[in-house]
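In what follows, a structure is listed as structure tokens, so that the remarks can point back to it.
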Amino acid sequence: MKIALLGFGTVGKGVYEILNRKDTNDTAQIEIAHILIRKGKEKKLPIMVEDYDQILRDPQCECIVEVMGGIEPAHTYIMKALQAKKHVVTANKAVVAAHYQEFIETAQKQQVQFRFEASCGGGIPWIHSLLQAKRIDLIQRISGIFNGTANYIIDQMVKKDLEFAVALKEAQDAGYAEADPSADIDGIDTANKAMISASLAFDIVCTRDFPISGIRHLTKQDLHHFLQHGYSIRLLMHACMQKDRYACVVEPTLIKTDTLEANIPDNYNLTSLYGETLGDLKIYGQGAGALPTGNAIVSDVIAIQHKEVPDPVVLTHKTFDTSLLKGDYILRKDKQYQTYHAVDPLWMHEIYREILQEDPAAFLARISTKGEMQ
Ligand code: HSE
């Protein structure tokens, strides 16, 4: 099967390397026919082109792999590909989260596939596992560590007793964090993955209107304080569904030091789902990086090559209700810690926003209850 790569950054190069290895029968049968590069960029390979229409006009190119990142022009390119009846595979969580419904509906109308395994959890087969689990169970709860950079920063802070700024610099030096790390440390990247995961798990279109907070204000004194009470901390996503209601949050969360979540090292991810008959399923692996993410993309391309038709995505309406995720919180303001019990996350985050006006370094974390983390 002939495919085109849109973009040749870290992930694009990972896909290229995996396919060039031709290690298996499946990978040997996929040919990269075109690589779209930005206008003015040096054409290092003969298959590199600047004109997207040239790719769309190639009738032999059946599948477009979008690995550019960002919203535009990725959104326009994906829509053009679907409208030209080409399958689309993407790793771009920001564009999938923002245009989930449009992509799903256009792909279904055009009778082509839209696949996004690489958008959540990198090399972890998370989307595949959700789809499998959904065939039997109503998925009631999903959660997990979906951002490797934030996990790496916290892990370095804990292991080396570092301040946040030093650990962030280490994450940048290691190539995990961007020069502008906001999306990773403020929970935006995790929120995009939460939107995609909750939409798929609960048959809804989950939008960004849920409480999101990050680890920007975490200090090593916080970590010492939490540890004294038997807790570690991770940046977690939680979403749940009950009948016609659902809720979702992205928050730093205190977890008992003996849990799996508390012991996820380096830049690894841990994704979890709970279904009535399956119970808890937790999958651990690399959530980022050229080869793990490239692996997830190639696995989607192979599924298309094998003509595996995924179960149709259903879009229903459910009411967003954060009271489903009422919980306990700890808030640090002016170096004093205060706990709140059984409060609505929406209310808690409003209070936090007000407190940030008085103490711009204030920090908020959820305290996990057993049910959420089982
Ligand atoms: N910045 C992301 C992370 C990359 O650190 O997990 C993978 O989505």
Could you tell me how many of the residues in the range 172-182 are free of Cβ contacts under 8 Å to residues at least 40 places away in the same chain and under 19 Å from the mean Cα position of the chain (by Cα)? 6
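Name the residue that is farthest from the ligand (Cβ to nearest atom), counting only residues in the range 235-281 that are of a type in the set (Gly, Ala, Ser) and more than 19 Å from Thr219 (Cα to Cα).
Going residue by residue through the range 235-281, those that are of a type in the set (Gly, Ala, Ser) are 239, 247, 262, 272, 275, 279.
Next cut, more than 19 Å from Thr219 (Cα to Cα) only: 239, 247, 272, 275, 279.
Values: Ala239: 18, Ala247: 23, Ser272: 16, Gly275: 25, Gly279: 27 Å.
If we take residues in the range 235-281 being of a type in the set (Gly, Ala, Ser) and more than 19 Å from Thr219 (Cα to Cα), then Gly279 is farthest from the ligand (Cβ to nearest atom).
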Given (1) free of Cβ contacts under 8 Å to residues at least 40 places away in the same chain; (2) open to solvent by 20 Å² or more (accessible area, probe 1.4 Å), index of the condition Ala262 fails: (2)
Of the residues in the range 55-85, those that are without any contact (Cβ under 8 Å) to a residue 40 or more places away in the chain, part of a loop (DSSP other than H, G, I, E, B) and open to solvent by less than 80 Å² (accessible area, probe 1.4 Å) come to Gly70, Ile71, Pro73, Ala84
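Of all the residues that make up the range 191-221, how many are in a loop (DSSP other than H, G, I, E, B) and at pLDDT 95 or above?
Residues of the range 191-221 in a loop (DSSP other than H, G, I, E, B): 203-211, 213-219.
Now restrict to residues that are at pLDDT 95 or above: 203-206, 210-211, 213-219.
Residues meeting the conditions: 13.
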When you go through Tyr284, Tyr337 one by one, which is the residue that is open to solvent by 60 Å² or more (accessible area, probe 1.4 Å), aromatic (Phe, Trp, Tyr) and within 16 Å of the ligand (Cβ to nearest atom)? Tyr284
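Residue by residue through the range 131-190, note down the ones that are small (Gly, Ala, Ser), in a loop (DSSP other than H, G, I, E, B) and in contact with a strand residue (DSSP E or B) (Cβ under 7 Å, 6 or more places away or on another chain). I'd like the intermediate steps shown before the answer.
Restricting attention to the range 131-190, the residues satisfying the condition of being small (Gly, Ala, Ser) are 133, 143-144, 148, 150, 165, 167, 171, 174-175, 177, 179, 182-183, 187.
The next check asks that each one be in a loop (DSSP other than H, G, I, E, B); those that pass are 174-175, 177, 179, 187.
Scanning the range 131-190 gives a single hit, Gly187.
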Pairs, first under 13 Å from Cys248 (Cβ atoms) in the range 342-353, second of a type in the set (A, V, I, L, M, F, W, C), C-beta under 7 Å, six or more apart: Pro345/Val249; Pro345/Leu325
Among residues of the range 128-170, those that are touching a residue at least 60 places away in the same chain (Cβ under 8 Å), surrounded by 14 or more Cβ atoms within 10 Å (Cβ to Cβ) and hydrophobic (A, V, I, L, M, F, W, C), counted: 13
Could you please tell me which pairs satisfy a Cβ distance under 8 Å, a separation of 6+ or placement on different chains, a first residue in the range 101-119 that is farther than 12 Å from Pro312 by Cα, and a second residue that is modelled with pLDDT under 95? Gln101/Leu315
Here is a list: Thr253, Thr207. Which entry is over 16 Å from Asn151 (Cβ atoms) and either surrounded by fewer than 24 Cβ atoms within 10 Å (Cβ to Cβ) or more than 14 Å from the chain's Cα centre (by Cα) (or both)? Thr207
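Can you pull out the residues in the range 340-373 that are at pLDDT 95 or above, of a type in the set (A, V, I, L, M, F, W, C) and open to solvent by less than 30 Å² (accessible area, probe 1.4 Å)? Break it down into steps so the answer makes sense when it comes.
To start, the set of residues in the range 340-373 that are at pLDDT 95 or above comprises 340-367.
Among the residues that remain, those that are also of a type in the set (A, V, I, L, M, F, W, C) are: 342-343, 346-348, 351, 355-356, 361-365, 367.
If the condition is that a residue be at pLDDT 95 or above, of a type in the set (A, V, I, L, M, F, W, C) and open to solvent by less than 30 Å² (accessible area, probe 1.4 Å), then Val343, Met348, Ile355, Ala362, Phe363, Leu364, Ala365, Ile367 are the ones that fit.
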Find the residue count for the range 171-186, including only residues that are open to solvent by 40 Å² or more (accessible area, probe 1.4 Å), under 19 Å from Val250 (Cα atoms) and within 11 Å of the ligand (Cβ to nearest atom). 1
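The values are calculated or read from the model by the stated rules, or taken from the named source; none is laboratory data. Predicted, not measured: the structure shown is a model, and the values here were computed from it. In this analysis, Cβ positions are derived from the backbone assuming ideal geometry, glycine residues included, and neighbour counts consider all displayed protein chains. Quick note on the areas: whole protein, heavy atoms, side chains included, nothing else; ligands and nucleic acids left out. Shrake-Rupley method; radii C 1.70, N 1.55, O 1.52, S 1.80 Å.
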